């Protein structure tokens, strides 16, 4: 099974990319490719710019990566209660080329943040919106207080309760 995983942030030290990387490593008999949104940096979407430059190759490249997956692991950053601008912009460009950005691929949808809600607001937004973009959400997970519950040295969830919760979700998929 091929997993495509990414964090919905363009931060070089994205905690959501770290969570997506860890979660993708928990799938048995699977290979994972972890995408970096910085590799898909696009100008700010507008219909005027789209008329001028057409549909960017980087958006197509992102769609091709998603299409190549058997399973998606996505962890979203929450910026002011919504998607990060980098992720939303990529979604906007990609959805102009293919309405079903996520190609009906099964998905583990997650979020984390340094705060106690663990990105719960963006997770709820995505849980409701992503199916309209072709996501087949099989499970969701939120990790609150990332800095207190993640072991940076070993790159894994350090809180046994949350780690077991994520492992149980993955084993049920």
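Any read-out appearing in this document is the output of simple, stated calculations on the displayed coordinates, not a laboratory observation. In this text, all values refer to a predicted model and were calculated from it rather than measured experimentally. Note that each Cβ is placed from the backbone with ideal geometry, even for glycine, and that neighbours are counted across all protein chains shown.
All of (1) surrounded by 18 or more Cβ atoms within 10 Å (Cβ to Cβ); (2) out of contact with any helix residue (DSSP H, G or I) (no Cβ under 6 Å at 6 or more places or on another chain); (3) closer than 14 Å to residue 89 by Cα hold for residue 8 with one exception: (2).
Every listed requirement among (1) without any contact (Cβ under 8 Å) to a residue 60 or more places away in the chain; (2) over 15 Å from the mean Cα position of the chain (by Cα); (3) farther than 17 Å from residue 8 by Cβ is met by residue 136 save one, (2).
Which one of these is in contact with a strand residue (DSSP E or B) (Cβ under 7 Å, 6 or more places away or on another chain), surrounded by fewer than 20 Cβ atoms within 10 Å (Cβ to Cβ) and under 30 Å from residue 158 (Cα atoms): 68, 75, 84, 25?
Working: 68 fails: under 30 Å from residue 158 (Cα atoms); 75 fails: surrounded by fewer than 20 Cβ atoms within 10 Å (Cβ to Cβ); 84 fails: surrounded by fewer than 20 Cβ atoms within 10 Å (Cβ to Cβ).
Answer to the selection: 25.
Candidates are the residues of region 28-46 that are in contact (Cβ under 8 Å) with a residue 24 or more places away in the chain, under 16 Å from the mean Cα position of the chain (by Cα) and not in a strand (DSSP E or B); the one that is surrounded by the most Cβ atoms within 10 Å (Cβ to Cβ) is 37.
Selection of region 47-79 for residues being under 25 Å from residue 122 (Cβ atoms), touching a helix residue (DSSP H, G or I) at 6+ places or on another chain (Cβ under 9 Å) and outside any helix (DSSP H, G or I) yields 56, 71, 72, 73, 74, 75, 76, 77, 78, 79.
Of the residues making up region 105-122, not a single one is out of contact with any strand residue (DSSP E or B) (no Cβ under 8 Å at 6 or more places or on another chain), closer than 16 Å to residue 65 by Cβ and surrounded by 16 or more Cβ atoms within 10 Å (Cβ to Cβ).
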